[in-house]
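Trainee: This is the structure I want to talk about, given as structure tokens.
The values are calculated or read from the model by the stated rules, or taken from the named source; none is laboratory data. Computed from a predicted structure; not experimentally measured. Note that we place each Cβ from the backbone using ideal geometry, even for glycine, and neighbour counts take in every protein chain shown. Just so you know, the surface numbers come from the protein's heavy atoms only, side chains and all, with ligands and any DNA or RNA stripped out. Shrake-Rupley method; radii C 1.70, N 1.55, O 1.52, S 1.80 Å.
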Amino acid sequence: MTLTCVDIGSTFTKAALVDPATGELLATAQAPTTIDDVVTGVLAATAGFPDAPVVACSSAGGGLRLAVVGYEELISAEAGHRAALSAGARVVHVAAGVLDAPALAALRGAEPDVVLLVGGTDGGEASVLRDNAGVLAGADWSVPVVLAGNAAVRDEVAAVLRGGGLPVHEADNVLPDIGRLAPESARAAIRAVFLEHVIGGDRLSTDPRLLSWVRAVTPDAVLEGVTVLARVLAPAGVSVVVLDVGGATTDVYSVPDPDAEQATLGREAVGVPWRRRTVEGDLGVSWSVDALRTAAAAEGLPVPGNDPLALAEAAATVALRRHLRAEAGYGASGASARSAGLVVLSGGVFRHAEPEAVDQVVARVAGDAGGAGSVLNGTPVIVDRRYVLAAVGLLAAEHPGAAVALAADLLQGSDQVTSRAG
């Protein structure tokens, strides 16, 4: 038996044929993503192994766009924001407090696929949650809502939202008590919205096969893959940072300690998740290239032209700087991306470039004095040339042994490049 793990990206659809019993990577293929109907691209990418069942993740069209509406920014909204990130969503807007007309206009202008509505601890303050539900219900807007606020008024608030014609997915409170963050239920609800309203809708395809294939949004699958990789390396005390430069986004994943989740559970209200990810929707080498150039200029970096590696270098530098700033802003304690024992480069630009050219890019990023250099300088760096991290993540739940084997194979089969500042 074989299994095809597929990542439907904004630019390319990548397929990996895997033996789910052993984790052996048997073949890889890719095809351009067909945005008008992504199933066409999946069939093209898997044409060489048509009999293998497909499991997939998707970030086509930018993935899941999520907005957070909370009670106040430093507690409820931030807790919801982090729950959203951990579910693989791309957070496009965060609002705090009662939604007045300008705030509602800004929320709608962000064009989210789903609104995560939070606010209040269980049995605590409920007026803002009630008021925001009323505003959304009266807005003549059919956006799906994940309700993850004060459980004492959950039924009442859900009824108000449904009365306004909004699809509602109820979840446990992301902040049930001061000092305790509980994002798991909201994560599951966000994933359900992704599958039902994005994959099961008609934005990407009307072909019912898509819904049967897709299990997760791509950043979520890759985060699972990075976690498996970190556990493979854990006996050696090596933490992992993955830098994935894509056509539409650049994502940074950091797993400083794969055993830290239980150690830190319940310690902080909105503490930094043990698995950290930033998804930068304005840092892409094709779909977001104009925004990438603007971001590079804002950071005081040379504005890249059309050379793919120059664009990837700018995206990597800005993304790593932002990731570190996010860690500092969230009050991170313990290990950070700066303590990485291994950096993995992913994305088509790095996979298809000559090793010497990648080495030069890495050396320049390692020399960045704005923060990115502190992650790469002196750190072993490898390139995921076969793009297996998404496949590892897709295998992790149902075939954990195969996921571990495939992650270990990544370490054996990847090029190592120089990471010291040039």
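Trainee: How big is the gap, in Å, between the Cα center of segment 188-222 and the Cα center of segment 108-123?
Mentor: 20 Å
Trainee: Using a Gaussian network model of the chain whose springs link C-alpha atoms within less than 10 Å, name the residue from L66, L166, L74 with the highest mean-square fluctuation.
Mentor: L74
Trainee: Among DSSP bridges having both ends in the chain, what percentage is antiparallel? Round to the nearest 5. Spell out each step's value before the answer.
Mentor: Numbers: 28 of 60 bridges.
Here the antiparallel bridges make up roughly 45 percent for the chain.
Trainee: I want to check the label-to-label distance for A397 and T22. Put each point 7 Å from Cα in the C-beta direction and report it in nm to one decimal.
Mentor: That separation, rounded to one decimal, is 2.7 nm.
Trainee: Against the longest principal axis of the chain, how steep is helix 184-193, in degrees 0 to 90 to the nearest 10, with axes from Cα atoms?
Mentor: Approximately 80 degrees, to the nearest 10.
Trainee: In debye to the nearest 20, how big a dipole does segment 143-237 give about its Cα centre with +1 on each Lys and Arg Cβ and -1 on each Asp and Glu Cβ?
Mentor: Details: 9 positive and 11 negative charges, 49 e Å.
Once rounded to the nearest 20, the dipole reads 240 debye.
Trainee: Does segment 291-401 classify as rounded, prolate or oblate by the C-alpha gyration tensor (a ≥ b ≥ c root eigenvalues; a/c under 1.5 gives rounded; else a/b over b/c gives prolate, otherwise oblate)? Present the calculation step by step, with values, prior to reporting the outcome.
Mentor: Working: a/c = 1.73, a/b = 1.19, b/c = 1.46.
Here segment 291-401 falls in the oblate category.
Trainee: Return one whole number: the accessible area per residue of the chain in Å², for a 1.4 Å probe. If you can, show how the numbers build up before the last one.
Mentor: Values: 16000 Å² over 422 residues.
Per-residue accessible area for the chain comes out at 38 Å².
Trainee: Something else now. Once you order the gyration tensor axes a ≥ b ≥ c over the Cα atoms, which shape class does segment 108-201 get: rounded for a/c under 1.5, otherwise prolate or oblate by comparing a/b with b/c? Walk me through the numbers before you get to the answer.
Mentor: Working: a/c = 2.03, a/b = 1.26, b/c = 1.62.
Oblate shape, in that a/c is at least 1.5 and b/c is the bigger or equal ratio.
Trainee: How would I8, I35, I178 rank on accessible area, largest to smallest, probe 1.4 Å? Before the final figure, lay out each step's value.
Mentor: Values: I8 0, I35 65, I178 135 Å².
The ranking, largest first, comes out as I178, I35, I8.
Trainee: Cα centroids of segment 142-167 and segment 23-67: how far apart, whole angstrom?
Mentor: 34 Å
Trainee: Which whole-number percent gives the relative contact order of segment 31-119, counting Cα pairs below 8 Å spaced six or more residues apart?
Mentor: Details: 119 pairs, mean separation 28.5, N = 89.
The value is 32 percent.
Trainee: Continuing with this model, one more query. Once the piece of chain linking D131 and D207 is laid out straight, how much longer is it, given 0.36 nm per residue of separation minus the C-alpha distance between them? Don't jump to the answer; show the numbers that get you there.
Mentor: Values: separation 76, 0.36 × 76 = 27.36 nm, distance 3.90 nm.
That pair, D131 and D207, stretches by 23.5 nm at full extension.
Trainee: Could I ask something else about it? Classify segment 77-153 as rounded, prolate or oblate from the Cα gyration tensor: take a ≥ b ≥ c as the square roots of its eigenvalues, call it rounded if a/c is under 1.5, otherwise prolate when a/b beats b/c and oblate if not. Please report the intermediate quantities before stating the final value.
Mentor: Values: a/c = 1.73, a/b = 1.10, b/c = 1.58.
Oblate, since a/c reaches 1.5 and b/c is not below a/b.
Trainee: Helix 355-366: angle to the longest alpha-carbon principal axis of the chain, degrees 0 to 90, nearest 10?
Mentor: For 355-366 against the chain, the angle is about 50 degrees.
Trainee: Taking the Cα centre of the chain as origin and charging only Cβ (+1 Lys, Arg; -1 Asp, Glu), how large is the dipole, in debye to the nearest 20?
Mentor: 440 debye
Trainee: If you roll a 1.4 angstrom probe over the protein chains with everything in place, what fraction of the accessible area of the chain belongs to carbon and sulfur, to the nearest %?
Mentor: On the way: 8320 of 16000 Å².
C and S atoms contribute 52 percent here.
Trainee: Another question, then. Give the range of the longest stretch in the chain that excludes all trypsin sites (Lys or Arg not before Pro) found in loop regions by DSSP and having at most 14 other beta-carbon atoms within 10 Å.
Mentor: Values: sites that count: R203, R267, R420.
It works out to 1-202.
Trainee: Relative contact order of segment 62-215, please, whole-number percent, based on alpha carbon pairs below 8 angstrom and at least 6 residues apart.
Mentor: Numbers: 317 pairs, mean separation 33.8, N = 154.
This gives 22 percent for segment 62-215.
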